[in-house]
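Written out below as structure tokens is the structure these notes cover.
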Amino acid sequence: MTSRRNFMIASAIGLASATGLAKAQSRPGTVTSKMPSVALESNPQTRIDRPQGTGEFALALGGGAAKAYAHIPYLQSLDSLGIRPKQMSGTSMGSIIGGLYAGGMSGTEIREYAIDLLTHRRSLIKRLLVDTGDTWGSLLNLMRPAVIEPEVLFKALMPEELPETFDKLGIPFAIVATDFYQQSEHVMRDGPLLSAIAASSALPVLLTPVSRDGRVLIDGGFVNPTPFDILDADRYFTIGIDVTGSTIEDDGAIPGSLETWAGSFSITEHSIVVEKLKNAAPDLLVTPDVGRYKPLDFFNIEAILASVDKEQDAFKRQIETLVEHNN
């Protein structure tokens, strides 16, 4: 009953882009999900023709439902170093957090906003229904292929400061969704921002597909969960933050239906990332130590953030090394 209640509350929040129940895998030049680590030489080819002396970087934030809260402390670390990416990309939950950051919010402001949103549930319901003037009928549509209208949902949940269009962002930002009928990746870099975030986060069964750019779009995690490969590696060194790995132990228990649903998508996401890394990798791949958390652990936000806070000193050193290496 508790897990079903949390699922319904999380559905109302709409920050679902499940990840991380697949067993973590490793390969030379990348990292495992068991501890924060990076591969500074993981993809030296991207630096051969890149202009030297700038130290500028581009940042990809991967999808991961609740585990993607892990992105926030890394953004705070970048702020503390006084550096910001020149370009960003994001998928699903990564598009949500990335949109806020590219739109001008600091890592600390995003953290405070998310904690306040998720630790005051009465305020959450008020924000969804009372403040917007909407009803459950506008949020839920039982006649559609999924039950929650993502654009209505995200309009209610996003801060008022979120820019309306991509061209109003302070950092160029690319958002990944999946073209349902073409069965391919669709990258959005201009036009309305909210519909792009909704499309990238439209997890089937939970959120309805989004019609945009003459396409029917669903969650971008089906094609590119951690989209470091759409960054301009010829101009910038690239950083990818991937939260698709898992360290959850196999205790022999049969998972419930909700856990199976979320876990199946997680396995797909992690498998895509593992295969993609066999062919290309960012200059810096970061895998936060959040594998013990489940995709629907939305209300464990403070624990997830605290576990990643411990990794920030090492991350800052790694960033400083990479910046020096590229100057």
**Message:** Cβ-Cβ under 6 Å, sequence separation 6+ or interchain: first residue in region 163-180 and at pLDDT 95 or above, partner assigned to a loop (DSSP other than H, G, I, E, B) and among the aliphatic types (A, V, I, L, M). Which pairs?
**Reply:** Pro163/Leu169; Thr178/Val223
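Report yes if Val273 is more than 18 Å from the chain's Cα centre (by Cα) and among the hydrophobic types (A, V, I, L, M, F, W, C), otherwise no. Outline the logic, then answer.
Numbers: more than 18 Å from the chain's Cα centre (by Cα): no; among the hydrophobic types (A, V, I, L, M, F, W, C): yes.
Against the criterion (more than 18 Å from the chain's Cα centre (by Cα) and among the hydrophobic types (A, V, I, L, M, F, W, C)), Val273 does not qualify.
Hey, does region 257-268 have a residue that's of a type in the set (D, E, K, R), open to solvent by 20 Å² or more (accessible area, probe 1.4 Å) and assigned to a loop (DSSP other than H, G, I, E, B)?
no
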**Prompt:** Any residue at all in region 224-241 that is out of contact with any Pro (no Cβ under 9 Å at 6 or more places or on another chain) and without any contact (Cβ under 8 Å) to a residue 60 or more places away in the chain?
**Reply:** no
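Among the listed residues Pro288, Pro282, Pro295, identify the single one that is part of a loop (DSSP other than H, G, I, E, B), at pLDDT below 90 and not polar (S, T, N, Q). Steps first, answer last, please.
Values: Pro288 fails: at pLDDT below 90; Pro282 fails: at pLDDT below 90.
Selected residue: Pro295, the only one of Pro288, Pro282, Pro295 that is part of a loop (DSSP other than H, G, I, E, B), at pLDDT below 90 and not polar (S, T, N, Q).
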**Message:** Just the residues that are surrounded by fewer than 24 Cβ atoms within 10 Å (Cβ to Cβ) and in contact with a helix residue (DSSP H, G or I) (Cβ under 7 Å, 6 or more places away or on another chain), please, taken from region 79-96.
**Reply:** Asp79, Leu81, Arg84
**Neighbours by Cβ (under 7 Å, 6+ apart or cross-chain): first from region 79-98, modelled with pLDDT of 95 or more; second among the acidic types (Asp, Glu) and open to solvent by 40 Å² or more (accessible area, probe 1.4 Å)** = Lys86/Glu56; Gln87/Asp232
**Asked** When you go through Thr244, Thr238, Thr321 one by one, which is the residue that is assigned to a strand (DSSP E or B) and not hydrophobic (A, V, I, L, M, F, W, C)?
**Response** Thr238
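Can you name the residue in region 198-245 that is among the acidic types (Asp, Glu) and crowded, with 24+ Cβ neighbours inside 10 Å and is also farthest from Thr268 (Cα to Cα) among such residues?
Only one residue fits best here, namely Asp242.
Restricting attention to region 97-107, report how many residues are open to solvent by 10 Å² or more (accessible area, probe 1.4 Å) and either among the β-branched types (Val, Ile, Thr) or in a helix (DSSP H, G or I) (or both). Spell out the reasoning first.
Looking only at region 97-107, we keep the residues that are open to solvent by 10 Å² or more (accessible area, probe 1.4 Å), and these are 100, 103-106.
Next, from what is left, pick out any that are either among the β-branched types (Val, Ile, Thr) or in a helix (DSSP H, G or I) (or both): 100.
Qualifying residue count, region 97-107: 1.
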**Prompt:** So which residues in region 50-78 are modelled with pLDDT of 95 or more, part of a helix (DSSP H, G or I), over 14 Å from Gly99 (Cβ atoms) and open to solvent by less than 10 Å² (accessible area, probe 1.4 Å)?
**Reply:** Tyr69, Ala70, Pro73, Tyr74, Ser77, Leu78
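Among the residues in region 134-153, are any open to solvent by 20 Å² or more (accessible area, probe 1.4 Å), hydroxyl-bearing (Ser, Thr, Tyr), over 30 Å from Val323 (Cα atoms) and modelled with pLDDT under 95?
yes
The values are calculated or read from the model by the stated rules, or taken from the named source; none is laboratory data. All values reported here derive from a predicted model rather than from experimental measurement. Note that each Cβ is placed from the backbone with ideal geometry, even for glycine, and that neighbours are counted across all protein chains shown. Note: areas computed on protein heavy atoms with side chains; ligands, DNA, RNA excluded. Shrake-Rupley method; radii C 1.70, N 1.55, O 1.52, S 1.80 Å.
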